[in-house]
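The values are calculated or read from the model by the stated rules, or taken from the named source; none is laboratory data. Everything quoted here is computed from the prediction, not taken from an experiment. Here the Cβ is made from the backbone with ideal geometry for all residues, glycine too, and neighbour counts use every protein chain on show.
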2 protein chains.
Amino acid sequence: MISGKFAITIHILTLLHKFPNDYLSSEFIAGSINLNPVLVRKEIANLKAHHIVESKEGKNGGTKLAVNAADLTLKQIFEMTFETIGLGFAKNQPNPDCPVGKNINQHLEVLYSEMNQNVSRQLEGISLEDFSNQF
Amino acid sequence: MISGKFAITIHILTLLHKFPNDYLSSEFIAGSINLNPVLVRKEIANLKAHHIVESKEGKNGGTKLAVNAADLTLKQIFEMTFETIGLGFAKNQPNPDCPVGKNINQHLEVLYSEMNQNVSRQLEGISLEDFSNQF
DNA sequence: AAATTTGTAACATATTTTATTACAGTATGA
DNA sequence: TCATACTGTAATAAAATATGTTACAAATTT
């Protein structure tokens with residue numbers, strides 16, 4: 001399911017890239033996104049789990065990039081934020097006695113999987129540095 | 001935002017393609033999807049607005065395909081169901097005093113627009129007939 | 001020790017999606 | 001012509017998901 005995680009995460013990473021020498025606080029980042037700092041910290045927790053950023057607790061603490069922005073692709077960010085492209089499935093199990101109902105989700109899965117590969121190829125060609133340098 | 005409209009619509013159209021000589025009732029279709037008939041009728045209303053299906057009211061009424069399945073592409077269905085691919089925007093207006101916040105949505109829009117073109121090209125190559133003949 | 005910040009859990013609110021009920025209008029055919 | 005079986009659509013309800021808030025322990029700096 002699609003949510004704003006990708007957008008939030010890329011916003012965080014762009015900021016970190018713009019201030020490579022500072023530990024940015026979640027409050028500061030939240031001020032740029034206009035979002036609750038707790039939500040920022042949640043996304044940062046995810047980035048930390050993937051060793052993309054490091055953070056420091058305590059006074060003057062915060063977060064900074066731990067990888068080279070040229071090596072981090074939007075595809076990786078896409079995947080780290082658990083995003084997948086899809087156009088929905090029937091929520092309730094479709095009728096198994098109907099030849100269409102029985103197989104539709106399986107066929108949709110193949111289609112969506114191809115869409116994801118397609119988008120992944122595109123996002124693989126864009127680094128965080130590329131994205132950030134647009135600003 | 002992504003929902004199940006595309007999946008529901010393609011399910012409906014696949015059924016209609018499988019029974020080209022019958023007017024299928026929303027109840028019958030809903031039984032295959034395992035969905036409330038009213039929701040089926042809503043999607044059919046949309047298809048009717050695009051002249052993809054025709055329907056007949058009253059007893060023994062229902063819906064049938066009004067176009068050649070070979071000529072209807074998944075791209076068209078994608079667009080008719082108002083779907084777009086995206087990975088979210090910051091909901092709240094990002095901070096306009098921050099160079100990143102000020103421009104991020106605009107840059108995301110460009111990125112998402114490219115993703116949509118990419119996916120559209122893919123879906124353009126698949127007709128309803130192609131999809132339906134998998135079953 | 002005081003101040004500031006992360007990390008995280010628990011809870012609350014808002015938004016979106018899906019489902020239900022209800023009923024007027026239309027066509028069929030016994 | 002009347003009972004039946006549909007569509008079309010509005011109004012409302014429920015469920016699911018996403019987003020926001022509060023609270024506070026733990027860590028670090030000065």
Would you pick out the residues in region A:25-38 that are over 26 Å from A:Leu123 (Cα atoms), within 14 Å of chain B (Cβ to nearest Cβ) and surrounded by fewer than 17 Cβ atoms within 10 Å (Cβ to Cβ)?
A:Glu27, A:Asn36, A:Pro37
Go over the candidates A:Val53, A:Val67 one by one and state the one that is away from DNA strand C (no atom under 16 Å from the Cβ), away from chain B (no Cβ under 14 Å), surrounded by 14 or more Cβ atoms within 10 Å (Cβ to Cβ) and over 30 Å from B:Glu83 (Cα atoms).
A:Val67
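Please find, within region B:115-135, the residue that is farthest from A:Arg121 (Cα to Cα) out of those that are outside any helix (DSSP H, G or I) and at pLDDT 95 or above.
First, pick out the residues of region B:115-135 that are outside any helix (DSSP H, G or I): B:125-127, B:134-135.
Still in the list and also at pLDDT 95 or above: B:125-127, B:134.
Numbers: B:Gly125: 18, B:Ile126: 20, B:Ser127: 23, B:Gln134: 26 Å.
Per the criteria, the residue is B:Gln134.
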Looking at A:Asp22, A:Asp97, can you tell me which residue is surrounded by fewer than 18 Cβ atoms within 10 Å (Cβ to Cβ), more than 10 Å from every other protein chain (Cβ to nearest Cβ) and either over 22 Å from A:Asn133 (Cα atoms) or not small (Gly, Ala, Ser) (or both)?
A:Asp22
Before we move on, is A:Phe19 over 24 Å from B:Asn95 (Cβ atoms) and of a type in the set (Phe, Trp, Tyr)?
no
Unmet criterion (only one of (1) of a type in the set (Gly, Ala, Ser); (2) crowded, with 18+ Cβ neighbours inside 10 Å; (3) in contact with an Asp or Glu (Cβ under 7 Å, 6 or more places away or on another chain)) for A:Gly4
(3)
Unmet requirement for B:Val110, which otherwise passes all of (1) touching a residue at least 60 places away in the same chain (Cβ under 8 Å); (2) away from DNA strand C (no atom under 16 Å from the Cβ); (3) in a helix (DSSP H, G or I)
(1)
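For region A:24-44, does any single residue satisfy the condition of being more than 12 Å from DNA strand C (Cβ to nearest atom) and in contact with a Ser or Thr (Cβ under 7 Å, 6 or more places away or on another chain)? Working first, answer last.
Within region A:24-44, the first condition is being more than 12 Å from DNA strand C (Cβ to nearest atom), and the residues that meet it are A:32-35.
Going one step further and asking which of them are in contact with a Ser or Thr (Cβ under 7 Å, 6 or more places away or on another chain), we end up with none.
No, because not a single residue in region A:24-44 is more than 12 Å from DNA strand C (Cβ to nearest atom) and in contact with a Ser or Thr (Cβ under 7 Å, 6 or more places away or on another chain).
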Odd one out for B:Phe19, checked against (1) farther than 30 Å from A:Ile10 by Cα; (2) within 16 Å of DNA strand C (Cβ to nearest atom); (3) out of contact with any Ser or Thr (no Cβ under 8 Å at 6 or more places or on another chain)
(2)
With the structure loaded, tell me whether B:Phe82 is aromatic (Phe, Trp, Tyr) and closer than 16 Å to A:Gly86 by Cα or whether it fails that test.
yes
Just to be sure before I move on: is A:Ile126 more than 7 Å from chain B (Cβ to nearest Cβ) and either of a type in the set (A, V, I, L, M) or within 17 Å of the chain's Cα centre (by Cα) (or both) in the structure I sent?
yes
Quick test for you: out of B:Phe82, B:Phe6, pick the one residue that is facing chain A (nearest Cβ under 10 Å), away from DNA strand D (no atom under 13 Å from the Cβ) and among the hydrophobic types (A, V, I, L, M, F, W, C).
B:Phe6
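Restricting attention to region B:100-115, which residues are more than 10 Å from chain A (Cβ to nearest Cβ) and either crowded, with 18+ Cβ neighbours inside 10 Å or more than 30 Å from B:His11 (Cβ to Cβ) (or both)?
To start, the set of residues in region B:100-115 that are more than 10 Å from chain A (Cβ to nearest Cβ) comprises B:109, B:113.
Of everything in region B:100-115, just one residue is more than 10 Å from chain A (Cβ to nearest Cβ) and either crowded, with 18+ Cβ neighbours inside 10 Å or more than 30 Å from B:His11 (Cβ to Cβ) (or both), namely B:Glu109.
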Of all residues in region B:36-68 being in contact with a strand residue (DSSP E or B) (Cβ under 8 Å, 6 or more places away or on another chain) and over 16 Å from B:Asn21 (Cα atoms), which is farthest from DNA strand D (Cβ to nearest atom)?
B:Leu47
A:Arg41 is checked against (1) surrounded by 16 or more Cβ atoms within 10 Å (Cβ to Cβ); (2) of a type outside the set (S, T, N, Q); (3) in contact (Cβ under 8 Å) with a residue 24 or more places away in the chain; (4) more than 8 Å from every other protein chain (Cβ to nearest Cβ) and fails just one. What number does that condition carry?
(3)
